[in-house]
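Taking it in order: structure first as structure tokens, then the write-up.
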Amino acid sequence: MRINFEKNYKYINPFDRYVIIVVFYLGIGLANAQTIFKGIVTDSLGQVMPLTNIYLQPNLRTVIVAFSITDSTGYYEFSYNKSGTYQINITSLGFRSQQISVVIDSLNPPKQIINNVRLQPQKMELNEVIVNANLPVVVKKDTISFKADAYTDGTEAVVEDLLKKIPGLEVDGRGNIKVNGKSIEKVMIDGDDIFEKGYKLLTKNLNAGVIDRVEVYDHYSDNPLLKDVEDSDKVALNLTLKEDKKQQLFGNATLGGGTDDFYENRLNLISFLKKSKYFFFGNLNNTGLDPTGDISQISGNSFVSGNRMADNNKAPEVMSLVAARPSLKDTYINFNNAEMASLSSITSLSEKTKLKTLGFFTADENNFFRDQTLDFFGPGEAFTNTEKYRLRKKTKLGFIKTDLTSNLSKTKLLEYSGNISIGNQETNTRLVFNGIPTEENLDHDPLSIDQYISYTSKLRKNRALILSAQYVHDEKPQNYVADTFLLGKLFPNNTTATRTAQHAATNTNAFATEARWITNNDNSNWEIKAGYHYTSDRLNNTLLLGDDSSLQAVDSLYRNRLNLNQNDFYSSVRYRKNLGRLKISAKTELHQLFAKVENDFDSKQTNPLYWSGQISGEYKFSNISLLTASYNLNTDNSNLLDVSDGFVLNDYRNLSRGFGKFEQLQNQFLFINYTYGGFLSGFTLNSAFVYNRESDYFGNISRIEPEFSTSELALLQNRESYSYNLQSDYFIKAISSNLKAKFNYANTHFQNFVNQSGKRSIESQNINFGGELRSAFLGFFNYHIGSEWQYSEVKFDGKSTRTDNLTFLDLYFNIHKNTTIKLQNDRYFFGNLDGDSSFYFTELSAQYKLKETGMSFELVGHNLLNTNNLQNSNIGDTSTSLTDFRLIPRYVMLKLGFRF
């Protein structure tokens with residue numbers, strides 16, 4: 001019987017076709033004969049030698065074609081599949097290198113080549129040590145250095161793309177970076193830091209091709225005088241530039257234009273002069289890319305480390321017209337028109353003084369489209385609401401930051417950091433709610449100022465004193481108006497209102513000063529703090545109702561004139577003791593707080609004396625096996641919105657208010673973490689358990705009507721939550737591929753009140769699991785395939801569930817040394833939909849590089865299957881909803897890139 005393949009192929013869905021293709025090419029890759037190189041490396045005494053570099057080079061050439069590092073047993077293994085004469089190099093710091101010649105015959109290649117090596121020690125002075133800069137991985141004490149070219153395939157545009165391919169580094173969908181599960185502090189360039197927590201401005205814009213090495217700093221200290229004094233668990237990244245790029249001026253640019261007026265343009269300029277460095281980044285695009293990351297984390301104090309006394313003092317936003325997005329890439333759903341320019345510099349004013357400046361301006365226009373149907377089934381009368389929602393947000397933000405550091409002597413350091421950000425945000429929504437047309441307008445003009453100064457004196461080799469002070473001013477004025485009035489049940493006497501408005505403003509002023517004393521001995525570490533922290537928070541808001549000609553303020557229940565002043569005198573002691581493989585530490589904090597709440601009617605003062613504590617420990621089973629645990633007892637103080645007594649308007653039909661007085665909330669926190677492996681072990685595992693119990697917490701008393709809803713805080717007891725996370729990373733040498741797997745479970749128990757019900761007990765649980773496989777073939781083809789499942793469940797007097805899935809398949813083809821093709825395929829599955837629950841996306845990128853001229857051409861096909869809409873569902877303890885989102889349509893774009 002003859003099979004009509006063409007006829008049957010038409011009925012295979014697009015995603016399954018690509019699965020067939022990758023399995024076919026994977027079979028080709030595995031069919032090629034592989035020669036396995038393996039052995040054990042020992043020293044002259046026969047002791048195994050971990051972390052020894054093994055690399056393969058063709059005779060008379062310097063290029064490295066394969067690489068391995070010995071594990072904890074001294075064992076190494078790697079494979080290669082091309083015939084020729086090669087040299088195996090075995091190198092380790094403090095030992096004589098060895099070279100072994102091998103031949104791979106093209107007609108009868110050996111299945112394996114075994115070489116057990118014994119290295120002889122070599123005496124040398126430290127200043128004579130030369131590290132081979134071409135090794136893919138170099139380990140030096142608390143630093144691991146990765147050769148960038150060993151992890152690239154030519155498809156990387158910016159640094160963020162490069163970091164995603166380095167083992168042990170994780171980059172999430174928002175650009176946040178973690179190293180073995182731990183968030184990094186900063187990303188530096190050649191040892192200089194400008195961006196601090198705003199590193200996404202760098203990683204989303206700097207061209208990946210200029211990076212020589214990516215260095216991971218463990219136990220990093222922001223203050224150089226505190227290295228080997230401070231007990232730090234911070235992690236930072238450092239990017240070193242290629243030597244040929246360290247010229248007076250170099251850069252690169254990309255110009256892209258496509259169908260339907262889509263465009264994407266980038267410009268990077270970097271200048272290295274004798275005493276100064278300059279960095280310029282520019283970006284213009286309407287393809288959904290955000291060149292700065294989350295704008296809410298860029299403004300205000302986010303560029304500072306988060307460890308200074310008043311970093312968390314920010315004025316809250318009363319209103320924010322932000323529509324919830326589905327779990328999609330920005331390039332699918334973010335209709336934008338982004339403009340960004342950033343200029344930063346590092347100048348050595350003298351041998352002891354360095355000045356750093358950073359300035360950027362960004363403007364964006366975001367559009368968002370959704371249609372939603374919500375079914376309310378909670379206590380009270382059931383109803384259904386429909387909403388056709390169109391949002392347009394115009395954002396402008398300017399930011400200037402200056403850092404000045406002066407080494408007064410070898411043991412004294414003076415630091416100053418100051419920044420100011422000014423923004424403007426205009427948000428307009430046009431919607432139809434249950435057939436009623438409505439338009440909202442919100443004007444928002446945030447302003448933030450942050451000033452910080454610090455003096456460090458290293459009294460001895462192991463002792464330091466740090467004196468610091470900080471001032472923060474943050475304000476967020478907002479003006480809102482909606483041309484509809486849906487609050488008739490709240491204002492039965494107002495029968496003529498057709499418009500709803502609110503004037504609101506929050507601002508924060510904070511000042512803090514602190515003294516730290518650190519002593520580090522061989523097996524112990526002491527840190528003592530004493531400080532004063534003053535915070536003044538203000539909230540002013542007024543609800544207005546009326547018509548097109550006039551608006552009138554309503555009664556006092558819907559306005560706030562509120563001041564919250566806090567004077568906190570505190571001290572803390574932390575002690576860490578090393579007992580061989582076991583480390584234990586304890587910390588206690590004592591606070592004398594003077595808190596005062598003032599409004600139009602009265603003033604209340606409270607002066608609590610309270611403490612918090614922590615005990616933690618870690619046990620090191622081996623160099624690659626570590627167990628850590630910590631227990632915290634904390635007290636959280638009410639914030640500005642918590643103590644508000646009047647309602648604030650959140651949007652055209654939702655209002656909320658606080659508890660009305662100052663409270664302290666007790667909670668306990670338990671954290672247990674086990675890690676196995678490391679960057680170079682070939683297998684890593686990270687497992688964590690978290691338990692949190694809140695003796696007191698703020699829950700909600702809700703009134704939910706078809707036309708509007710209100711929410712008030714209530715003081716409740718005994719909220720519990722716990723979670724378990726497991727992540728593993730394993731390199732499968734037999735197929736030259738890296739396997740990642742993850743599992744997350746989270747459970748929360750809490751209570752609430754809805755529509756005059758009694759206290760309702762709610763349980764929410766989420767399960768997330770998945771895996772991915774990424775190949776590291778040396779040939780023309782590579783792949784990246786994976787799947788992730790999410791299960792959500794909410795239990796009340798009933799139960800709601802939802803299951804979602806993302807499966808992806810990415811194919812990479814190196815057709816020629818100058819030509820690469822990348823094909824990305826995503827399948828999204830959303831449960832609880834009446835119709836088709838699966839949505840498919842395909843992206844294509846074909847790039848050709850003229851290496852002699854530095855030019856490149858790239859053809860990009862976006863959303864080739866032209867999936868214009870996507871539906872998903874949401875579940876809760878009172879309602880379920882179905883939402884239809886409009887997506888960025890198909891387009892084809894041609895990009896021209898050049899470097900100079």
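The values are calculated or read from the model by the stated rules, or taken from the named source; none is laboratory data. The structure presented is a predicted model; accordingly, all values stated were derived computationally and were not measured. When we count neighbours, we look across all protein chains shown, and the Cβ atoms used for this are built from the backbone with ideal geometry, even at glycine.
List of remarks:
- The sole residue among F594, F601, F621 that is out of contact with any His (no Cβ under 6 Å at 6 or more places or on another chain), farther than 24 Å from Q502 by Cα and modelled with pLDDT under 95 is F621.
- Residue match in the range 668-677 (condition: of a type outside the set (D, E, K, R), in contact with a Leu (Cβ under 7 Å, 6 or more places away or on another chain) and on the phi > 0 side of the Ramachandran plot): yes
- Test set (1) within 28 Å of the chain's Cα centre (by Cα); (2) under 30 Å from F777 (Cβ atoms) - N814 fails condition number: (1)
- Among residues of the range 755-789, those that are more than 21 Å from the chain's Cα centre (by Cα) and assigned to a strand (DSSP E or B), counted: 14
- Matching residues, the range 651-663, being among the charged types (D, E, K, R) and either closer than 30 Å to T675 by Cα or assigned to a loop (DSSP other than H, G, I, E, B) (or both): R653, K661, E663
- Filter result for the condition that a residue is surrounded by 16 or more Cβ atoms within 10 Å (Cβ to Cβ) and over 33 Å from the mean Cα position of the chain (by Cα), over L543, L557: L543
- A count restricted to the range 865-875 and to residues that are in contact (Cβ under 8 Å) with a residue 40 or more places away in the chain and surrounded by fewer than 17 Cβ atoms within 10 Å (Cβ to Cβ) stands at 1.
- Within the range 218-235, the set of residues being surrounded by 20 or more Cβ atoms within 10 Å (Cβ to Cβ) and of a type outside the set (D, E) comprises Y220, V229, V235.
- Unmet requirement for Q47, which otherwise passes all of (1) modelled with pLDDT of 80 or more; (2) buried (at least 16 other Cβ atoms within 10 Å of the Cβ): (2)
- Condition broken by R174, with the remaining ones in (1) in contact (Cβ under 8 Å) with a residue 60 or more places away in the chain; (2) within 30 Å of T456 (Cα to Cα); (3) part of a loop (DSSP other than H, G, I, E, B) satisfied: (2)
- If you check E415, E440 for being acidic (D, E), surrounded by fewer than 20 Cβ atoms within 10 Å (Cβ to Cβ) and in contact with a Ser or Thr (Cβ under 9 Å, 6 or more places away or on another chain), only one passes: E415.
- The criterion of at least 3 residues that are of a type in the set (A, V, I, L, M) is met, among strands (runs of 3 or more DSSP E) falling completely within the range 409-481, by 412-433, 447-460.
- Any hit, the range 429-436, residues being farther than 30 Å from W526 by Cα, polar (S, T, N, Q), in contact with a Pro (Cβ under 8 Å, 6 or more places away or on another chain) and surrounded by fewer than 17 Cβ atoms within 10 Å (Cβ to Cβ): yes
- Candidates T362, T331, T357, T347, filtered to the one that is in a helix (DSSP H, G or I), at pLDDT 90 or above and in contact with a strand residue (DSSP E or B) (Cβ under 8 Å, 6 or more places away or on another chain): T331
- Taking first residues from the range 516-530 that are under 12 Å from L459 (Cβ atoms) and partners that are of a type in the set (K, R) and at pLDDT 90 or above, the Cβ contacts under 6 Å between residues at least 6 apart in sequence or on separate chains come to T519/R463.
- Test: residue in the range 347-366 that is surrounded by fewer than 20 Cβ atoms within 10 Å (Cβ to Cβ), closer than 25 Å to R653 by Cα and touching a residue at least 40 places away in the same chain (Cβ under 8 Å): no
- Candidate set: the range 655-665, residues that are at pLDDT 95 or above and not aliphatic (A, V, I, L, M); chosen: the one farthest from R561 (Cα to Cα): Q664
- Reported count of residues in the range 170-186, each being farther than 22 Å from K329 by Cβ and not acidic (D, E), is 6.
- The set of residues from the range 306-321 being more than 17 Å from N639 (Cα to Cα) and in contact with a Lys or Arg (Cβ under 8 Å, 6 or more places away or on another chain) comprises G306, L321.
- Unmet requirement for N493, which otherwise passes all of (1) of a type outside the set (A, V, I, L, M); (2) touching a strand residue (DSSP E or B) at 6+ places or on another chain (Cβ under 9 Å); (3) more than 30 Å from L579 (Cβ to Cβ); (4) free of Cβ contacts under 8 Å to residues at least 12 places away in the same chain: (2)
- Test: residue in the range 543-565 that is within 30 Å of D522 (Cβ to Cβ) and of a type in the set (G, A, S): no
- Listed by position, the strands (runs of 3 or more DSSP E) inside the range 571-650 whose residues that are under 30 Å from the mean Cα position of the chain (by Cα) and not aliphatic (A, V, I, L, M) number at least 3 are 582-598, 609-622, 625-637.
- Residue identified as more than 30 Å from G191 (Cβ to Cβ), more than 31 Å from the chain's Cα centre (by Cα) and acidic (D, E) among E339, E351, E381, E365: E381
So that you can scan it fast, the table gives a plain yes or no per residue for (1) in contact with a strand residue (DSSP E or B) (Cβ under 9 Å, 6 or more places away or on another chain); (2) crowded, with 19+ Cβ neighbours inside 10 Å; (3) touching a residue at least 24 places away in the same chain (Cβ under 8 Å); (4) among the aromatic types (F, W, Y):
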residue	(1), (2), (3), (4)
V794	yes, yes, yes, no
D804	yes, yes, yes, no
R827	yes, yes, yes, no
F841	yes, yes, yes, yes
S845	yes, yes, yes, no
M855	yes, no, yes, no
G861	yes, no, yes, no
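- Of the residues A310, A315, A338, A324, the single one that is closer than 22 Å to N176 by Cα and crowded, with 16+ Cβ neighbours inside 10 Å is A338.
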